[in-house]
Structures are given as C-alpha cells and as structure tokens.
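Novice: My structure is below; once you've seen it, I'll send some questions.
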Amino acid sequence: MGLDTGLAILLSPASSTIRQVTTGAEDRAEDRIGELIELIRYHDRRYHAEDAPEIPDANFDLLKRELLDLEAAHPELVRADSPTQTVGADPSTLFEPVEHRVPMMSLDNAFDQDELSAWADRARRRLAAEDFGDLVCELKFDGLAVSLRYEDGKLVQAATRGNGRIGEDITANILTLKTVPHRLPAGAPQVLEVRGEVYMPLVAFDALNAQQEAEGKPRYANPRNTAAGSLRQKDPSITATRGLSMWCYSVGEVQGGPGLVTHSATLEYLNELGLPVNPETTTAQSMDAAWQFIEQCESKRHDLPYEIDGAVIKVNRLDLQQELGSTSRAPRWAVAYKLPPEEKTTKLRRIQVSIGSKGKATPFAVLEPVFVGGSTVEMATLHNEDQVRAKDVRPGDTVVVRKAGDVIPEVIGPVLADRPDDLAEWDFPSICPCPHRQPLTRQEGDAAHYCRFPHCPEQLRGWIEHFAARNALDIEHLGEQRVHLFIDLGFISDVGDIYALPYDRIRELEGFGELSVSNLAAAIEASKQQTLTRLLVGLNIRHLGDTTSELLADAFGHLDRIMEAPVEDLAEVDGIGPIMAESVHDFFQSEVNREIVEKLRAAGLNFAQDTGQAEAQALPQTLDGMTIVVTGGLEGYTRDQVGAVIKAHGGKSPGSVSSKTTAVVAGENPGASKTDKAEKLGIPVLDQAQFERLIETGELP
Ligand code: IVH
C-alpha cells in the first residue's frame, strides 16, 4: 500500500506545487526532482503496466516537462534512474518476460511549432551533411506499443514494450487479431521484428460499450485503455472478442532482409508482406510540409475511425537515422508532435452541486450534449466557487468545452459575444442538495464548500464505497452498485451498518444467490481483521490520506489512543501537520462519529495496528529513535525498499536533512545538497557498507 498511497497524496494539487522549504534553491530542485521521478514512475506504471491511468495524459506530460526543465536548469541533479533517461514501466508479473533484442524506444515530444523547429535544428547540427532530407510523416496512434517477431515467416512471439528492454509475452493474444498475419509470404526475412501500435477501432469501442450498457455494467472510459486492458487478458478468447487492430510503423531485429535504405521503403515493404501499415503516412520534403501534415491531422483527427494523439515526424534516410542515433530513451531522428485537445462550444444549461464522500460540495456544469474529443460530453466539473467566478461562466452562457488530456471534460470559459443581456451570475447554493437540506459552508482559507451533516445520503454513498475500497477495509463483493442498493433499501445508514447487514433479506433480492451472499458475508467478516491504518483510511477523515493514516497508526498503535489524543499530541507526529491534527481531533469529537466507532468496536473490528507492527518488531529495532536520510541509489534496494528497511528496524526515513537527522546515507549519484548540508550540520555521511553495518549493530561508525 505504502508507495501507491504516498504518491496519491503527492498528487494532490497542494503538493504538486514546489513545497516551501527553508533550504536553498538547489535543495528544493533536488527534492522536487525526487518527487517528480516518483510521481512519473507511479503514473507510468498505472498507465503501462496496470492499464489504469489516474490522470489525463496532458497532466502526465506536464510532470515530465517540469522534470525536463528542472534537469536542464540543474544538470548536476540528473539521476541515472530518472524517467527522462529511461523508457516506460517495468513489466507486470502477469505474463512471461520477453527481452527485446533491439530495445523498444519512446519518442521525445514537441507541443508547438517552435519546439518542432528546435528538434529539426538540433538534428541538423548533429549531422555532417547540411540537412536530413526527406521526412516521413505518420499519425501517432493512441494505443499500446507491441513488437512482433517473425522467424522464417512465422509469427513466433509478440511482446509489449514494457520498460523498453523487457516486455511481456502476449503472443496468444496477438494471434487473435484479425489484421495481424500469422504467416508472411514466401521469401520473408529469416528474422523480422515488426513494431507497431495495437489499438481499438472506434466502432469496436462503441460496440463494447453498448454491450456493457445492455448488461447494466459501467462503460469503458476510452479506446486506448480498453485496448491495453483487452490485450493483457490472461484468456485470449476475451481478447478475440474485442476487435483490436494494429498499425505497424518500424522494425526491430532483421536478419536476411532486402537491405532497404529509407524508412518509407521499409513501410512499403511491410505493407507488401501483408502487415497493416497506415495509409495516411506521407513523405515531406521540408519542415514546412511536415507542419502542413500536422495541421491536416488536427483537422481530420475526429473523422478517423481510430484515435490519434498526434503525429510522428521521422528522418527518412536510414543512414542518417544511424548517424543521429538515440538517447537512452528516444531516437534523435524522430519526434512526436502532440495535438492539443479539441475544443467545441455548447450551451451551459445549469450548474449543479455534487457532494463527495467527505462532504465536499463540487459544482459541475450540465451542458447541452456536445461531441468533443471522440465522445459526447454532457457534464464537466467546475471544481469550486472560485473557479466558477474566475471563469465567469453563468447558466445560459455559450461555453467552450474541451477534453483535458482528451479524457476529462473541461469548461474553458464563456463566449462573451453570445451572452444574453442581464444573464445573472451563479451563486453557490447555501443548502445541501440532499433531502436533509443542511447548510453548505465554506471556511476561511478553504476553496471548497462542505456539508458537515454526517448522515447526508449524498456523502454516505461515497463514504461506504471508500470504506470498502482496496486501500481501506478492502471488502470484496461490496461494490458501488451494491452499496447504492443497500442504502436505497435502508440496510445501511453509516459504515457501522455494514457489519449488521440483514443477509436473510439480501438472499431474497434479485441477483443474490446463496453463493454471492456467503461471499459477501465472508469478505465483510475478513475485513474486521484489517490493520488500524486501513481502518483510519476507511473512517474517511478529512485531510487524512493513506500515508498519514499509517503514520498515526504507527505512532499511537490503537484507535482509542488516537481518539483520546489532544490536538497537540496528534500534531507531534512527524508528517502530521496542524490542520490534519485538528481534523482528526474534530472527527472524534463528533458524537455521531463516536457512535459509528462504537458500532465498529461492537462488531469486533481490529482497533490495533497489529500485523504491521508485529512484523516490524520481529526485526531487531536497531534504528530505534534514529532518523536516516537516504540520497542516491543503493545496490540491491529500490528507494521504497530502503525506506521500508529503515522503518522495519524502528527508524524514520524522511526526504530532507535537518538538525534532527541522525545520519545521511549516500548511495550512487547522491544529491550534493543533502551531503553538503549533512557536513555543514556535522551529521555523519555513510556509504552503503556503513549503512548495512548500522542496521546490523545499531551503532554509528
Ligand atoms: S515510432 C524508435 N511511430 O508513441 C521509435 N511510435 O510516445 C519508436 N506511437 O512508444 C516509435 N504512433 O508506442 C512511432 N507512428 C508512430 C507511432 C508511435 C504511436 C507510439 C509508440 C511509442 C510512443 C511514444
């Protein structure tokens, strides 16, 4: 849980800005670089290995851009393990690993014409010749990179890109794609590795969603993630039903090929072999012509029967590609131009407010349906009162809408020229939309309004779902639909009621067989043994996330001690700020919340941080009371593992050096600012061997 949840917290808008620290600019840059690397890795994994991205692509690009900019400004802080120096995410363990004989690279991005010209200038400067000649212009398909290996004309292996060096064996799944030949015609090379993008055509995506709806199941969000999920099925017969297809755009290892000298000839050759090559590909004689191709892509992007997220411009001559070479993650002879999200105008019918699981009231726009960015948009979040004011959008306005990162709909602003006279401003409602009609309040310094009524049914749904979620009490078989059903039937009016469900009545409901009821009951029973950390997460206390719940649980060891702790004691815990402490304290002051806690106690839930601590205490607590800051890489450990080892031995491992630091461990490529600061403060700096000895003996050298 640790890493993922920690990152979820880092992601919150407040912490994605540069934190205010008292150390110098270099230190801040180093910290932020570390933070960005973790964030990018996390989201890379969500996207590539788990097919479950959490943020729009455009926001991911912003993180990468910020990292690139920081590294450009501080070249001494560039870490060898930075995602700017590597490709993609490590493969998951679902499929057999496949080592790519020729690495599968990524592409550098350009977001405007200047960046595109800068790429061309850089490439020209590297070449002995004056120019790179023709360019090949291709669409940038929004799917999943795959490598196909043909030996003596037979498709013998297909693999995902993975981290560029090692991917996953998805041969059985690729064999179900109708457009991918299992055999190449006679005379095909002895070995031919073909690279391309597997995608889900829009008709297949729409058909799949129509089927989902017909079965009362949730819709898939977008074709890219659905393609990735469909391809990484353990059962290829599922992949076979998903209508996936592929466009081939380059080659990897080739033995016994026809000795082609340009990229365009390579694509023609692949086409002749019966491999799917995209017909929109053209060659351009100049950067101006390449730019025209990009402009055309932009105008016809939504007329295509598949999704693209840009164009790829490649130097055509293979000898010049060779001369330009690659960085560790991307070739210098190609660049991806990322298209900006499409914008459309529509009518803002009204602004409504939805209540989240912690009572947060979020305004959202109800729009006249508009087709934008590949799907119909009818609603878009407006975030909070200030955002509505800043955008100056009013019910009745014509507004500009786009999909941020082509996933999340966003209202950009009003078309003032079309605003009717005397159109009234929108005021944030003062009353919660739920039947209890409790006040919505906004505290000073807070951007959001809240409904503080704990029995607000709008909040309840979210709270119960949150309580049952994987990172909280992890109650399998208690999904969103069942939560809604049980609330609607009056079985649940707070989280405590989960443990008193009337199974006899549930058994009689449509869709609940004996087996599903006993599975549900078993999952609920099992959740009683979860750790205090998870219980705290489940209690849904404002400002308290997964990592901070763990800090509290570790520090106090029992829920009763947290409930009784004064604010000052809560705030004493490293990592718990005054606002969080206040919020925890307030939560347990509420009579209603205390009643819920008592229901949970009576149901037999575990209130102690037992399992984690038991494990931790099984190891000798040699670092008890010590604060160890680690900088640079340690052989045999990931960053998180080092932190976990320190913690398991009773120590703490914060990210920055202060007068409270016991020692700094400097691994490979350590951050100079941390070691300098340690030296200034007279704090010992240990190498890996000394660190390992410290863990063993508890004694500093
Ligand atoms: S060429 C060594 N061409 O975009 C060059 N990639 O953002 C490798 N992509 O990993 C890539 N359309 O998955 C290339 N026409 C195209 C592409 C394309 C989509 C994907 C590919 C790559 C990613 C980089």
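Novice: Which pairs have Cβ atoms under 6 Å, sit 6 or more apart or on different chains, and link a residue in the stretch 171-196 that is over 11 Å from L155 (Cβ atoms) to one that is away from the ligand (no atom under 16 Å from the Cβ) and of a type in the set (S, T, N, Q)?
Specialist: Once the first residue is over 11 Å from L155 (Cβ atoms) and sits in the stretch 171-196, its partners that are away from the ligand (no atom under 16 Å from the Cβ) and of a type in the set (S, T, N, Q) give N173/T239; T176/T239; Q190/Q255; V191/Q255.
Novice: May I ask you to list pairs of residues, at least six apart or on different chains, whose Cβ atoms are under 7 Å apart, with the first in the stretch 573-601 being in a helix (DSSP H, G or I) and the second being of a type in the set (S, T, N, Q)?
Specialist: Matching pairs, first to second residue: M580/T548; F587/N593.
Novice: Could you grab me the full set of residues in the stretch 329-369 that are among the β-branched types (V, I, T) and more than 16 Å from the ligand (Cβ to nearest atom)? Spell out how you get there, then give the answer.
Specialist: Within the stretch 329-369, the subset among the β-branched types (V, I, T) is 335, 345-346, 351, 353, 355, 362, 366.
T345, T346, I351, V353, I355, T362, V366, listed by residue number.
Novice: It is to be established whether one or more residues within the stretch 147-159 are over 25 Å from T262 (Cα atoms), out of contact with any strand residue (DSSP E or B) (no Cβ under 9 Å at 6 or more places or on another chain) and crowded, with 18+ Cβ neighbours inside 10 Å.
Specialist: No, because not a single residue in the stretch 147-159 is over 25 Å from T262 (Cα atoms), out of contact with any strand residue (DSSP E or B) (no Cβ under 9 Å at 6 or more places or on another chain) and crowded, with 18+ Cβ neighbours inside 10 Å.
Novice: Taking I541 as meeting all but one of (1) part of a loop (DSSP other than H, G, I, E, B); (2) modelled with pLDDT of 90 or more; (3) more than 22 Å from Q589 (Cβ to Cβ), write down the number of the exception.
Specialist: (3)
Novice: I would also like to ask the following. Could you look through the stretch 545-600, keep only residues that are among the polar types (S, T, N, Q) and within 33 Å of the chain's Cα centre (by Cα), and pick out the one that is nearest to I492 (Cα to Cα)? Reasoning before the result, please.
Specialist: First, the residues of the stretch 545-600 that are among the polar types (S, T, N, Q): 547-549, 583, 589-590, 593.
After this cut, where a residue has to be within 33 Å of the chain's Cα centre (by Cα) as well, the list is 547-549, 583, 593.
On the way: T547: 28, T548: 28, S549: 25, S583: 25, N593: 15 Å.
Among those that are among the polar types (S, T, N, Q) and within 33 Å of the chain's Cα centre (by Cα), it is N593.
Novice: Looking only at the stretch 56-70, which residues are in contact with a helix residue (DSSP H, G or I) (Cβ under 7 Å, 6 or more places away or on another chain) and at pLDDT below 80? Before the answer, list the steps.
Specialist: From the stretch 56-70, those in contact with a helix residue (DSSP H, G or I) (Cβ under 7 Å, 6 or more places away or on another chain) are 60, 63-64, 66-67, 70; that's our starting set.
Scanning the stretch 56-70 gives a single hit, F60.
Novice: Here is a further query. Kindly establish whether W426 is surrounded by 14 or more Cβ atoms within 10 Å (Cβ to Cβ) and under 30 Å from E368 (Cα atoms). If you could, list the steps in order and put the result at the bottom.
Specialist: On the way: surrounded by 14 or more Cβ atoms within 10 Å (Cβ to Cβ): yes; under 30 Å from E368 (Cα atoms): yes.
Here the answer is yes, as W426 does meet what is asked.
Novice: I need every pair where a residue in the stretch 246-257 that is farther than 23 Å from T283 by Cα has its Cβ under 7 Å from the Cβ of a residue that is surrounded by fewer than 17 Cβ atoms within 10 Å (Cβ to Cβ), sequence separation at least 6 or different chains.
Specialist: E253/R101; E253/V102; Q255/Q190; G256/Q190
Novice: Tell me which of these R419 doesn't satisfy, since it passes every other one: (1) without any contact (Cβ under 8 Å) to a residue 60 or more places away in the chain; (2) out of contact with any strand residue (DSSP E or B) (no Cβ under 9 Å at 6 or more places or on another chain); (3) surrounded by 13 or more Cβ atoms within 10 Å (Cβ to Cβ).
Specialist: (2)
Novice: Within the stretch 505-527, is there a residue that is closer than 30 Å to A553 by Cβ, among the basic types (K, R) and part of a helix (DSSP H, G or I)? Steps first, answer last, please.
Specialist: First pass over the stretch 505-527, keeping only residues closer than 30 Å to A553 by Cβ: 519-527.
In the following step, the residues that additionally are among the basic types (K, R) were identified as none.
So far as the stretch 505-527 goes, no, none of its residues is closer than 30 Å to A553 by Cβ, among the basic types (K, R) and part of a helix (DSSP H, G or I).
Novice: Would you be able to say whether some residue in the stretch 317-328 is near the ligand (Cβ under 10 Å from one of its atoms), free of Cβ contacts under 8 Å to residues at least 60 places away in the same chain and assigned to a helix (DSSP H, G or I)?
Specialist: Just the residues of the stretch 317-328 that are near the ligand (Cβ under 10 Å from one of its atoms), to begin with: 321, 326.
Then keep just the ones that are free of Cβ contacts under 8 Å to residues at least 60 places away in the same chain; that gives 321.
Applying the additional criterion that residues be assigned to a helix (DSSP H, G or I) yields 321.
Within the stretch 317-328, one or more residues are near the ligand (Cβ under 10 Å from one of its atoms), free of Cβ contacts under 8 Å to residues at least 60 places away in the same chain and assigned to a helix (DSSP H, G or I).
Novice: While we're on this one: Mind checking whether some residue in the stretch 182-199 is within 16 Å of the ligand (Cβ to nearest atom) and out of contact with any strand residue (DSSP E or B) (no Cβ under 8 Å at 6 or more places or on another chain)?
Specialist: Scanning the stretch 182-199 turns up no residue that is within 16 Å of the ligand (Cβ to nearest atom) and out of contact with any strand residue (DSSP E or B) (no Cβ under 8 Å at 6 or more places or on another chain).
Novice: Also: Given the residues S82, S92, which is the only one that is among the hydroxyl-bearing types (S, T, Y), modelled with pLDDT under 80, under 30 Å from G667 (Cβ atoms) and more than 15 Å from the ligand (Cβ to nearest atom)? Give the steps one after another, and end with the answer.
Specialist: Working: S82 fails: modelled with pLDDT under 80.
That would be S92, the only listed residue that is among the hydroxyl-bearing types (S, T, Y), modelled with pLDDT under 80, under 30 Å from G667 (Cβ atoms) and more than 15 Å from the ligand (Cβ to nearest atom).
Novice: Which ones in the stretch 178-199 are basic (K, R) and either crowded, with 22+ Cβ neighbours inside 10 Å or more than 30 Å from the chain's Cα centre (by Cα) (or both)?
Specialist: So the first thing to find is which residues in the stretch 178-199 are basic (K, R), and the list is 178, 183, 195.
Hits for the stretch 178-199 are K178, R183.
Novice: May I pose another question? Here is a list: G396, G413. Which entry is modelled with pLDDT of 95 or more, small (G, A, S) and within 30 Å of F371 (Cβ to Cβ)? Working first, answer last.
Specialist: Working: G413 fails: modelled with pLDDT of 95 or more.
None of the other options fit; the residue is G396.
Novice: Could you give me the residue pairs with C-beta distances under 6 Å whose first residue belongs to the stretch 648-659 and is among the polar types (S, T, N, Q), whose second residue is surrounded by 18 or more Cβ atoms within 10 Å (Cβ to Cβ) wherever it lies, and which are 6+ apart or on separate chains?
Specialist: Close Cβ pairs (under 6 Å, with a partner that is surrounded by 18 or more Cβ atoms within 10 Å (Cβ to Cβ)) amount to S653/I628; S653/G643; S653/I646.
The values are calculated or read from the model by the stated rules, or taken from the named source; none is laboratory data. Because the structure is predicted, anything quoted here is derived from the model rather than measured. Positions of Cβ are generated from backbone atoms using ideal geometry, with glycine treated the same way; all protein chains shown enter the neighbour counts.
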